[in-house]
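The values are calculated or read from the model by the stated rules, or taken from the named source; none is laboratory data. Everything numeric in this text was worked out from a predicted model, so none of it was measured. No Cβ is skipped: glycine too gets one built from the backbone with ideal geometry, and neighbour counts run over all protein chains shown. Side chains included, ligands, DNA and RNA excluded: accessible areas come from the protein's heavy atoms. Shrake-Rupley method; radii C 1.70, N 1.55, O 1.52, S 1.80 Å.
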Amino acid sequence: MLMEFDYYAPDSIEDASKLLKKYENSKFLAGGTDLLVNMKKGKVRPDVVIDIKKIKGLNEIKEVYGYVSIGALVTFNQLIESEIIKTRYPVLWECAKVMGCYEIRNRATIGGNIVNASPGSESGSPLFVLEAEVKVRSDEGERKLKINEFVKGVGKTDLKRGEILTEILIPVYPENTKSTYFRGSRVRGMDLASLNLAMLILNPESDEKREIRIAAGAVYITPLRLKEIEDMLSHTKLTTELIEKVKRKVPQLIQPRATSLRATPEYKKVMVGNFIEMGLEKLLNLRFY
Ligand SMILES: Cc1cc2nc3c(=O)[nH]c(=O)nc-3n(C[C@H](O)[C@H](O)[C@H](O)COP(=O)(O)OP(=O)(O)OC[C@H]3O[C@@H](n4cnc5c(N)ncnc54)[C@H](O)[C@@H]3O)c2cc1C
C-alpha cells in the first residue's frame, strides 16, 4: 500500500523546482519504477510527490552540434527504438535492451536511472565510457557536469535541492568507434545486474592509435572507470600474455561489496577480467588463447 501524499504535476522546470524547494519532504517522480517501489516498501515517505512528466522537451533524443542530447525523461524503450543510439552508441543501446522487462523499460527513464545512482545501474558504466555530461536546472539557473562528477556514491548525486536533471549530452565519436556492453545476472529472465561492463574503443584498427575505455558496474560505490587497465591495453599490440596480466591486475582495482546478494566479490573479480577479454574479442575480432 502507498501512503498518502500530495501530488503536483507542474509543466515547467521552474515550477517543479520551486515546488521541491517549498515542500521539504518532497520527491520528483519520473517513471516511478524506483520511487514508487521504495514508497511501497516504506523506504521513502514523501509528503509531496512532484510529477515531472508533464514538463515538455525532456523526452527527446536529438543531435546538437558535436553531441547527441538525450532528455532526462527518455525511457529505455525510446533508447532502443532510436536509430541514433543504435548506430552511434551500441554500448548504450545494448544496455537498454537487457534492462528490466518491456513494461519497466516503457516507464523507466534514463534520468531516473542516473539520479537513483545504483552502482550497478544499467546506464552507469556506458555513460562513464562515453564520457557523457549532464545538465541540471532549477529556477535559479543551469549547470553542466561530467557524469563521473555528478554520480557521487550509492544513491548519491551532486543534485542540489530544487535541481532537475534535464539532459544527458554524449559526444559524437568518429564512425569507426566501437563499443559494447556485458552484464552478469543470477537468472536468465528479469534480474538486476550482478555486475556489468562497458567498453569503448577509439581508432580500433591501429595498435598505436587505439584507445580503450572500460567501466564496470556493481564493483564499487559508483560505476568505475578502470584507468590502469585502459593504460595497459591502449596504444599497444594486444596479446594473450597482456590479457592474462590484465586479468591478474583487475582484482586489485575493484572493491565489490562483500554483502551483495547477487554475486560474491571473488566472482566479480574473475568476471570483470573475462568481460574485458570478451569485449576485446568481440570488438576487434581477436581470439586470446
Ligand atoms: C521490476 C524492476 C526491474 C528493474 N530492472 C532494472 C534493471 O535491469 N537495470 C536497472 O538499472 N534498473 C532496473 N530497475 C530500476 C529502475 O527501473 C531504474 O533505475 C529506472 O531507470 C528509474 O527511472 P524512473 O524514471 O522510474 O525513476 P523514478 O522512480 O521516477 O525516480 C527515481 C529517483 O530519481 C529521481 N528523479 C527521477 N528523474 C529525475 C530528474 N529528471 N531529475 C531529478 N531527479 C529525478 C526521483 O525523485 C527518485 O528519487 C528495475 C526496477 C523494477 C521495479
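A compact table of results
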| item | result |
| --- | --- |
| Criterion (assigned to a loop (DSSP other than H, G, I, E, B), away from the ligand (no atom under 13 Å from the Cβ) and touching a residue at least 60 places away in the same chain (Cβ under 8 Å)) met by exactly one of Pro204, Pro174 | Pro204 |
| Lone unmet requirement of (1) more than 9 Å from the ligand (Cβ to nearest atom); (2) not assigned by TED's automatic domain parsing to the domain that holds Lys86 for Tyr67 | (2) |
| Residue among Glu94, Glu4 that alone is open to solvent by 70 Å² or more (accessible area, probe 1.4 Å) and of a type in the set (Asp, Glu) | Glu4 |
| Residues of segment 34-61 that turn out to be free of Cβ contacts under 8 Å to residues at least 12 places away in the same chain and either part of a helix (DSSP H, G or I) or surrounded by 12 or more Cβ atoms within 10 Å (Cβ to Cβ) (or both), as a count | 2 |
| Candidates Lys156, Lys245 - the one that is away from the ligand (no atom under 16 Å from the Cβ) and at pLDDT 95 or above | Lys245 |
| Odd one out for Ile164 among (1) modelled with pLDDT under 95; (2) within 18 Å of the chain's Cα centre (by Cα); (3) not small (Gly, Ala, Ser) | (1) |
| Residue in segment 31-42 that is nearest to Pro10 (Cα to Cα), counting only those that are more than 23 Å from the chain's Cα centre (by Cα) and among the charged types (D, E, K, R) | Lys40 |
| Residue list for segment 226-237, filter: surrounded by fewer than 20 Cβ atoms within 10 Å (Cβ to Cβ) and either under 18 Å from Val154 (Cα atoms) or of a type in the set (A, V, I, L, M) (or both) | Met232 |
| Condition broken by Glu167, with the remaining ones in (1) in contact with a strand residue (DSSP E or B) (Cβ under 8 Å, 6 or more places away or on another chain); (2) in a loop (DSSP other than H, G, I, E, B); (3) within 30 Å of Val48 (Cβ to Cβ) satisfied | (2) |
| Asn116, sole failed condition from (1) over 23 Å from Tyr220 (Cβ atoms); (2) open to solvent by 20 Å² or more (accessible area, probe 1.4 Å) | (1) |
| Test result for Thr166, in contact with a Lys or Arg (Cβ under 8 Å, 6 or more places away or on another chain), within 15 Å of the ligand (Cβ to nearest atom), touching a residue at least 40 places away in the same chain (Cβ under 8 Å) and open to solvent by less than 30 Å² (accessible area, probe 1.4 Å) | yes |
| Phe28 within 12 Å of the ligand (Cβ to nearest atom), buried (at least 20 other Cβ atoms within 10 Å of the Cβ) and either over 21 Å from the mean Cα position of the chain (by Cα) or within 25 Å of Met199 (Cβ to Cβ) (or both) | no |
| Filtered residues of segment 101-113 (kept if crowded, with 20+ Cβ neighbours inside 10 Å and either within 16 Å of Ala132 (Cβ to Cβ) or more than 6 Å from the ligand (Cβ to nearest atom) (or both)) | Arg105, Thr109, Ile110, Gly111, Gly112, Asn113 |
| Single match in Glu175, Glu142, Glu131 (criterion: in contact with a strand residue (DSSP E or B) (Cβ under 8 Å, 6 or more places away or on another chain), open to solvent by 40 Å² or more (accessible area, probe 1.4 Å) and more than 25 Å from Lys18 (Cα to Cα)) | Glu131 |
| Total residues in segment 241-287, condition crowded, with 16+ Cβ neighbours inside 10 Å and assigned to a loop (DSSP other than H, G, I, E, B) | 6 |
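Residue-by-condition table, conditions (1) part of a strand (DSSP E or B); (2) touching a residue at least 24 places away in the same chain (Cβ under 8 Å); (3) within 15 Å of the ligand (Cβ to nearest atom); (4) not aliphatic (A, V, I, L, M):
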{"position": "Val187", "(1), (2), (3), (4)": "no, no, yes, no"}
{"position": "Met190", "(1), (2), (3), (4)": "no, yes, yes, no"}
{"position": "Ala198", "(1), (2), (3), (4)": "yes, yes, yes, no"}
{"position": "Ala215", "(1), (2), (3), (4)": "yes, yes, yes, no"}
{"position": "Met232", "(1), (2), (3), (4)": "no, no, no, no"}
{"position": "Leu238", "(1), (2), (3), (4)": "no, yes, no, no"}
